[in-house]
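Read-outs throughout are calculated quantities, based only on the coordinates presented, and are distinct from any laboratory measurement. Values in this document were obtained by computation on a predicted structure and should not be read as measured data. Glycine also receives a Cβ, built like all others from the backbone with ideal geometry; neighbour counts cover every protein chain displayed.
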Amino acid sequence: MPDPTLPTSDARRPILELRGIRKAFPGVLALDDVDLKVFPGAIHSLVGENGAGKSTLINVMVGLFKPDIGEIRIDDTPARFNQPADARAFGIGLVPQELNLIPHLTVMENILLGTTPLRFANTAVDWHAMRAKATKVLELIGEEIDLDVEVSTLSVAYQQLVQIARALAQDARILILDEPTASLSIPEADRLLALIEQLRDKGCAVIYVSHRLPEVFRLSDQITVMRNGRKVALLDRAEANEAVLVRHMIGRDAQQREHRQASVRSASKPILEVSGLTRVGEFEDISFSLHRGEILGIAGLIGAGRTELARCIFGDTRRSSGRVLLEGQPIEFRHPSEAIGQGIAYVPEERKRLGIFPALGVAENMTLPILSRLSRLFQIRWSRQRSVTDEFVGKFAIKISSQDQLIRNLSGGNQQKVILGRWLATGCRVLLLDEPTRGIDVNAKFEIHRILRELAASGLAILVISSEFEEVIGLADQIIVMHEGRLKGCVPASEATQEKLLTMSVA
Amino acid sequence: MATNNDRPPVKSVLSRVTGIKESGIILAIILMGVVITIANPNFLTPYNFQIVARQVSFIAIVAAGQTLVLLLGGIDLSVGAIAGLSAVLGAMMMTSGGVDPFVSTGLAVLFGLFCGSINGLLIAKLKLNAFIVTLATGEVFAGAILVLTKGYAINGIPEIFQVLGQGTIGPVPVPVAIMLLIFAILAWVTTNTPFGRSVFAVGGNREASRFAGLHSERIEVMVYAIAGGSAALAGMMFVSRMNAGQPTIGASWLMPSITAAIIGGTSLSGGVGTIFGTLLGALFMALLGNGIVLMNVSSYWERVIIGLFVLIAVIVDLIRRRGSGMSMLPRWLNFRKRS
């Protein structure tokens with residue numbers, strides 16, 4: 001790594017400096033007068049809600065977007081990036097959130113993609129040099145990865161390391177990491193953070209983008225908070241705490257958690273009763289019961305088997321053993337349509353991939369499962385579709401320009417509301433939600449929470465899977481915690497704290 | 001909440017069937033009509049229109065079925081072979097088998113549905129790649145034609161059967177009437193029925209369709225069956241037209257069936273397109289062929305020009321949706337997503 005580590009002092013020269021960056025897209029001012037200074041041997045975090053402009057800023061730094069106004073300076077001299085290769089040449093390396101590895105190439109080829117050593121007048125790959133170079137880069141990282149396996153066989157955590165190694169192989173002095181821990185388990189994330197600290201100690205400048213505030217506090221020397229395309233705060237680690245950051249991020253004091261008075265778990269029979277449910281390799285011996293008007297949270301870490309559990313109840317997969325009772329009747333579904341017919345609905349995580357039909361309109365997205373019910377002699381009765389759609393658009397205050405507007409043009413929060421409407425239109429009695437507010441901005445999140453509480457109050461039974469402990473605590477009446485496919489316990493929300501849930505989730 | 005006040009008037013059933021964004025291709029057809037008319041006034045005669053319409057009807061029916069498959073995000077490379085095999089079987093039934101020619105036609109269409117559902121089952125249940133499955137079954141069907149006929153045409157088609165391919169209803173040739181009927185039905189099905197809308201949903205996002213409770217596999221089998229059935233119908237009409245069950249029936253229908261759909265605005269990646277657009281696409285291709293003859297251009301140019309128009313159609317489509325995040329690549333060319 002170039003650049004010797006300098007002692008911490010205000011007189012240091014920034015290695016990368018952005019001055020007054022402004023970038024507009026048709027109809028949106030994505031970045032407005034943003035400044036950023038990054039120092040060698042230091043970690044600078046970038047936080048903000050979704051849509052605050054972090055991604056645009058990253059794209060400016062790596063040469064994907066050209067700023068309309070503003071200056072990028074590297075080592076105190078102005079730099080112009082016409083294409084990503086220019087930024088790379090200046091030593092800027094990006095580890096994107098969506099990894100861009102080539103799945104069927106080996107680790108070695110992926111690390112040296114774009115910098116492959118050549119010989120015979122650049123006509124052939126120099127495999128020996130390649131191996132030597134890849135080994136050297138991996139030594140820098142301090143991880144041993146088999147150079148000859150296809151990266152598609154690696155876990156996400158290792159794929160991430162390969163991606164970091166690629167940036168280092170390109171002699172990156174400034175490393176930008178975009179939500180690197182989003183899909184990692186806690187121990188994996190921990191190792192990654194340690195690696196980032198190690199790279200910092202070797203003199204690398206790091207720009208760290210994350211929603212996970214504890215990581216930000218652990219790593220950062222400085223924190224820039226963005227909101228609506230503007231830099232709203234630049235904080236030193238010493239002056240930053242969660243309340244301050246959240247206030248800057250959402251532009252007001254964090255909403256006090258409105259605790260619902262714990263609804264009385266009546267002596268009435270539960271609507272959904274799961275006992276000893278097992279699917280080999282995914283989850284084991286899960287039992288719980290869900291009452292009308294109750295919100296049951298399932299907390300746990302990614303990979304704890306919560307999604308698999310919900311999908312099994314929904315009939316997407318078959319169980320190995322165990323029983324599920326719906327209003328006292330045993331149920332077992334072969335296809336999700338049977339579950340829907342019985343009044344069970346499931347809102348999957350990954351809304352874009354599994355939830356919406358991007359090329360269809362709002363009304364069709366909302367009524368797809370009930371089209372036959374809306375039809376007479378195979379002819380869909382459009383007026384009925386309109387009135388169903390109108391009902392939920394009004395009820396949930398969904399912002400659309402027309403019912404035929406393509407759903408992909410809505411914001412994440414509005415998309416999720418359409419999907420909620422889709423299930424309520426089926427007249428479901430049990431609603432299974434998988435990470436219902438992931439990737440949704442803070443305000444829409446509060447709204448969805450409010451909607452869910454109202455639905456529960458009106459008698460719906462709701463099961464919420466969430467990796468955000470805060471969300472589960474704020475939303476649920478009862479919380480069950482899963483760890484590695486097993487039930488670790490059940491706590492009433494009133495007694496739950498984030499620490500408690502975390503402890504149960506990891507041990 | 002700007003929702004309820006400014007919404008456009010409710011669309012009627014008919015406007016859903018016809019009134020979608022095919023303005024580009026309509027404009028191109030009109031433009032071409034004008035150019036050809038100026039070059040040769042014989043273009044604008046009822047007789048010429050009859051010829052063009054009759055020519056287009058066979059391939060257009062195949063293209064209608066193909067469009068459904070493309071909407072689903074698949075592709076059917078076996079339609080031509082299914083048309084040929086069904087036609088040869090139907091012709092054999094009504095000649096050496098002595099079956100009533102119209103009953104034979106019905107049976108041939110059933111056979112086409114059967115062939116299509118084999119494709120569908122292999123693709124949906126075994127999750128095989130549509131391109132490869134239909135490439136293989138297409139070879140099997142095409143080979144079966146040669147096994148059955150040994151390369152000779154089947155002659156002795158009953159005279160009464162000629163009405164299907166050569167008759168007229170008033171000024172309208174029977175094959176044209178059948179084509180219009182098929183298009184009307186399929187256009188209604190795709191735009192106004194739960195099944196049709198499900199085809200768009202599955203084609204647009206197969207994974208999500210399962211979680212929305214759609215039986216995507218069932219839908220897929222049905223769509224491939226429809227493609228096979230419509231190909232078989234076109235094959236039988238061609239038997240009637242030629243008075244013979246020729247082993248070459250359908251051999252040149254595959255590419256035009258896809259081309260018509262693409263020119264008509266159907267996306268190879270699934271979920272986007274219209275049946276009506278395919279009719280216009282087929283019409284466009286037929287007029288182009290007719291115009292080339294009428295304008296005394298060597299007919300060798302026809303394929304060159306059609307190929308160029310496909311490129312134009314695809315590029316226009318790309319520009320129209322650049323930035324909207326929709327992939328132009330068909331599903332069967334995409335890498336499987338890693339997770």
Report, ordered by chain and residue number, the aspartates and glutamates lying within cross-link reach of residue B:127, taken as a straight Cα distance under 19 Å and ignoring same-chain residues fewer than 8 apart.
A:316, B:76, B:207, B:217, B:220
Cα-based Kirkwood hydrodynamic radius, chain B, one decimal, Å
20.7 Å
About the Cα centre of chain A, how large is the charge dipole given +1 on each Lys and Arg Cβ and -1 on each Asp and Glu Cβ? Please answer in debye to the nearest 20.
1520 debye
What FRET efficiency do you get for residue B:166 and residue B:31 if R0 is 41 Å and r is their Cβ-Cβ distance, rounded to the nearest 0.05?
0.80
Please state the equivalent ellipsoid semi-axes for segment A:97-166: what are the square roots of 5 times the Cα gyration tensor eigenvalues, largest first, in whole Å?
21, 13, 10
Of A:37/A:202; A:395/A:500; A:352/A:395, those spanning more than 26 Å from alpha-carbon to alpha-carbon:
A:395/A:500
In peptide A:399-412, what is the residue-averaged number of other protein chain Cβ atoms found within 10 Å of each Cβ?
2
Return the average number of partner chain Cβ atoms within 10 angstrom of each residue Cβ along peptide A:357-369.
5
Distance between modelled label sites at residue A:287 and residue A:399, nm, 7 Å Cα→Cβ extension
4.8 nm
With a Förster radius of 35 Å, plug the Cβ-Cβ distance of residue A:13 and residue A:153 into 1/(1 + (r/R0)^6) and report the FRET value to the nearest 0.05.
0.20
Order these by the 10 Å Cβ neighbour count, fewest first: A:115, A:224.
A:115, A:224
Can you tell me the alpha carbon radius of gyration of segment A:272-506 divided by the globular rule-of-thumb value 2.2 N^0.38 Å?
1.00
If each DSSP helix of 4+ residues adds -39,500 (n - 2.57) and the sum is divided by the residues in chain A, what number results at 222 nm, nearest 500 deg cm²/dmol?
-9500 deg cm²/dmol
Grab the beta carbon distance between residue A:135 and residue A:77, set R0 = 25 Å, and tell me the FRET efficiency rounded to 0.05.
0.15
Could you please rank A:490, A:428, A:204, placing first whichever residue has the fewest other Cβ atoms within 10 Å of its Cβ?
A:490, A:428, A:204
Could you put B:147, B:293 in order, starting from the residue whose Cβ has the fewest other Cβ atoms within 10 Å?
B:147, B:293
Which of the three applies to the protein assembly as shown, rounded, prolate or oblate, going by the alpha-carbon gyration tensor with a ≥ b ≥ c and a/c under 1.5 meaning rounded?
prolate
Ellipticity estimate at 222 nm from DSSP helix runs (n ≥ 4, -39,500 (n - 2.57)) divided over chain B, nearest 500
-22500 deg cm²/dmol
Rounding to the nearest 20 debye, state how big the charge dipole of segment A:284-334 is about its Cα centre with +1 on each Lys and Arg Cβ and -1 on each Asp and Glu Cβ.
120 debye
Taking chain B and dividing mean pair separation by its residue count, relative contact order in percent (alpha carbons under 8 Å, at least six apart):
32 percent
